[in-house]
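First comes the structure, then the notes that go with it.
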Amino acid sequence: MIKAIRGTRDLLPPDTDLWNFVEAQVRSVFQRYNFREIRTPVFEATELFARGVGEDTDIVSKEMFTWEDKARAQSEKAQSLTLRPENTAGVVRAYIEHDLGRSGQLQKLYYIGPQFRRERPQKGRYRQFFQIGAEVIGPPSAGSEQPIRDAEVIEMLTALLDSVGLKGWTLHLNSVGCANDRATYNAALREALAGVKDKMCVDCQRRAETNPLRVLDCKVPEDQPIIEALPKISQYLDEPCRQHFAEVKAILDTMGITYQINERMVRGLDYYTRTTFEFTHGDLGAQSAVLGGGRYDGLSESLGGPKAPGIGFAIGEDRMILALQAQQATASVPVDAYIAPLGAGMNRHALKLARELRDAGLVVDVGDEGFRLKKSFEAAEKMSARYVVIVGENEIAAGAFAVKDIKKGEQATVNRAELASSLRTKSE
Ligand code: HAM
């Protein structure tokens with residue numbers, strides 16, 4: 001038997017009802033905050049992620065699905081391509097490629113789609129997973145650097161989580177400063193790590209040399225006391241970064257949004273500057289981050305584009321669904337009526353009636369004239385339809401149908417002209 005690849009999954013009904021509910025809710029929130037959809041390709045040049053996300057990150061160094069694409073002509077070189085592990089780099093590439101900054105306005109873009117990371121699969125961690133993300137990016141003259149943008153994005157996230165009914169989350173907040181602060185902080189970390197790194201895990205020994213900030217991501221229990229004693233990023237923020245962060249917090253305070261400052265949260269991607277955040281959820285076990293994001297003021301320039309500060313986030317949709325399911329959330333759409341054609345030649349009449357009712361907005365399913373009535377009733381009950389509408393020769397001749405309420409067991413005769421409105425009012 002051929003099976004789905006480890007780390008990938010089929011999403012089946014009724015779960016897909018909940019996925020569709022979530023996506024419909026978030027699209028409506030994005031619309032109210034004046035975000036527009038962007039769709040970028042699922043694969044990109046490997047270099048985009050190496051330069052954008054960072055060579056030393058776990059994502060780029062270990063987790064990408066990368067392949068050499070064959071050259072089509074002799075004059076062409078083979079190109080290294082990668083399935084996108086995240087969408088921010090792709091959005092910023094598109095921003096540069098299409099010169100989206102030329103209007104001088106902020107670009108407020110959102111996306112919903114699959115991402116790919118070769119991680120060890122476990123609950124809440126997949127090799128193909130889905131993100132719902134958004135980016136606010138633009139020239140500095142459009143105010144793209146201002147703390148109000150950070151606060152608005154975080155505030156919108158609380159609205160997004162409210163709209164799907166997710167409860168019990170915690171917002172973790174930090175500032176990783178600007179490039180200069182990070183350089184001095186990295187130097188301080190490197191110095192502090194020099195004396196202790198030999199006692200740490202092999203990954204940290206490597207990170208201490210290549211990218212000391214990444215040591216703070218380490219989850220190895222034995223390393224934690226050492227990491228706790230390392231210098232803190234807040235001591236290394238310059239005055240503009242300190243003020244920027246203070247203003248973000250002040251706006252959140254005014255809006256009544258509670259958060260925890262988490263100085264170890266530097267996030268696993270190199271492009272972050274200043275504000276970073278994650279929302280965690282208690283029902284998710286080890287993979288507790290339901291979403292993550294932050295500011296990336298230098299990303300466009302590092303990809304060869306204009307100065308275009310930005311901030312954004314990505315929700316792990318798989319994890320959001322898991323957390324909702326832990327709350328017993330479902331989103332099934334009830335079937336209003338099951339049409340049972342009774343006797344030879346009745347299928348065509350049944351389908352015609354189904355079309356009338358569907359056009360009137362009802363959810364309708366249709367059986368088959370070869371079924372006995374008992375079989376039709378069983379099928380209707382299995383799909384939890386509210387009514388069975390019988391379509392036989394007599395009903396067609398009379399222009400009126402036998403309608404049976406499955407739960408109550410009551411039956412009535414309803415004229416064709418009144419059928420849709422009668423099923424609707426009965427359903428309400
Ligand atoms: P990230 O923290 O790498 O950030 O991913 C965001 C979210 O995607 C995570 O919090 C998690 O919920 C989900 N996620 C990540 N990996 C997996 C996986 N293997 N299986 C299931 N879910 C996963 C980013 O990707 C940034 N691009 C976010 C961003 C946008 N920052 C600024 N703009």
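Proximity of backbone amide H atoms, modeled 1.01 Å from N, is registered between residue 65 and 83, 118 at under 5 Å, excluding neighbours fewer than 5 places apart on the same chain. Adding -39500 (n - 2.57) for every DSSP H run of four residues or longer, then dividing by how many residues the chain holds, sets the calculated 222 nm ellipticity at -11000 deg cm²/dmol. For the Cα trace of the stretch 196-274, dividing Rg by the Kirkwood Rh returns an Rg/Rh value of 1.04.
Protein heavy-atom surface of the stretch 1-64, 1.4 angstrom probe: 51% of the accessible area is carbon and sulfur, with nucleic acids and ligands not counted. Computed from label points 7 Å out along Cα-Cβ, the spacing between residue 413 and residue 372 is 2.6 nm.
Over all pairs of different C-alpha atoms, the chain has a mean inverse distance whose reciprocal, the Kirkwood radius, equals 25.1 Å. Cβ-Cβ distance of residue 190 and residue 170, R₀ of 25 Å, FRET efficiency by 1/(1 + (r/R0)^6): the value works out to about 0.20. Here the Kirkwood formula, the inverse mean of 1/r across different C-alpha pairs, assigns the stretch 78-131 a hydrodynamic radius of 13.3 Å. Estimated from the Cβ-Cβ distance and a Förster radius of 41 angstrom, the FRET efficiency linking residue 382 and residue 99 is about 0.15. Among the trypsin sites (Lys or Arg not before Pro) in the stretch 359-403, those located in a DSSP loop and surrounded by at most 12 other Cβ atoms within 10 Å of their own Cβ are 372. For the chain, the membrane-span-like helices by this rule, meaning whole DSSP H stretches whose C-alpha atoms cover at least 20 Å of axis and whose Kyte-Doolittle mean is -1.0 or above, are 15-32, 147-164, 179-194, 239-254; this says nothing about an actual membrane.
The ellipsoid that matches the Cα gyration tensor of the stretch 1-155 has semi-axes, each √(5λ) in whole angstrom, of 28, 25, 14, with the longest given first.
Extending 7 Å from Cα along the Cβ direction at residue 258 and again at residue 224 yields two label points whose distance is 2.3 nm. Length gained on full extension, residue 360 to residue 325, computed as 0.36 nm times the residue gap minus the Cα-Cα distance: 9.4 nm. Beta-bridge orientation, the chain: approximately 80 percent antiparallel, per DSSP, counting only bridges with both partners inside. For the options 12, 216, 252, a Gaussian network treatment of the chain with springs between C-alpha atoms closer than 10 Å singles out 12 as fluctuating the most. Within the same chain, aspartates and glutamates fewer than 8 places from residue 404 are excluded, and of the rest, those with a Cα less than 12 Å from its Cα are 336, 381.
The percentage of C-alpha pairs in the stretch 372-418 whose separation is greater than 13 Å is 56%. Solvent-accessible surface of the chain, averaged per residue with a 1.4 angstrom probe and all protein chains in place: 49 square angstrom. Quote the relative contact order of the stretch 337-427 in percent (integer), defining contacts as alpha-carbon pairs under 8 Å separated by 6+ residues. Relative contact order, the stretch 337-427: 30 percent.
Extension gain, residue 36 to residue 5, is 7.8 nm, computed as 0.36 nm per intervening residue step minus the present C-alpha separation.
In this simple spin-label model, placing a label point 7 Å from the Cα along the Cα-to-Cβ direction at both residue 56 and residue 307 gives a separation of 2.6 nm.
For the chain, the relative contact order is 15 percent, taking Cα pairs closer than 8 Å that sit 6 or more residues apart in sequence and dividing their mean separation by the residue count.
The values are calculated or read from the model by the stated rules, or taken from the named source; none is laboratory data. Please read all numbers here as calculations on a predicted model, not as lab measurements. So basically every Cβ, Gly included, is an ideal-geometry build from the backbone, and we count neighbours across all protein chains shown. Please note that ligands, DNA and RNA were not included when accessible areas were found on the heavy atoms of the full protein model with its side chains. Shrake-Rupley method; radii C 1.70, N 1.55, O 1.52, S 1.80 Å.
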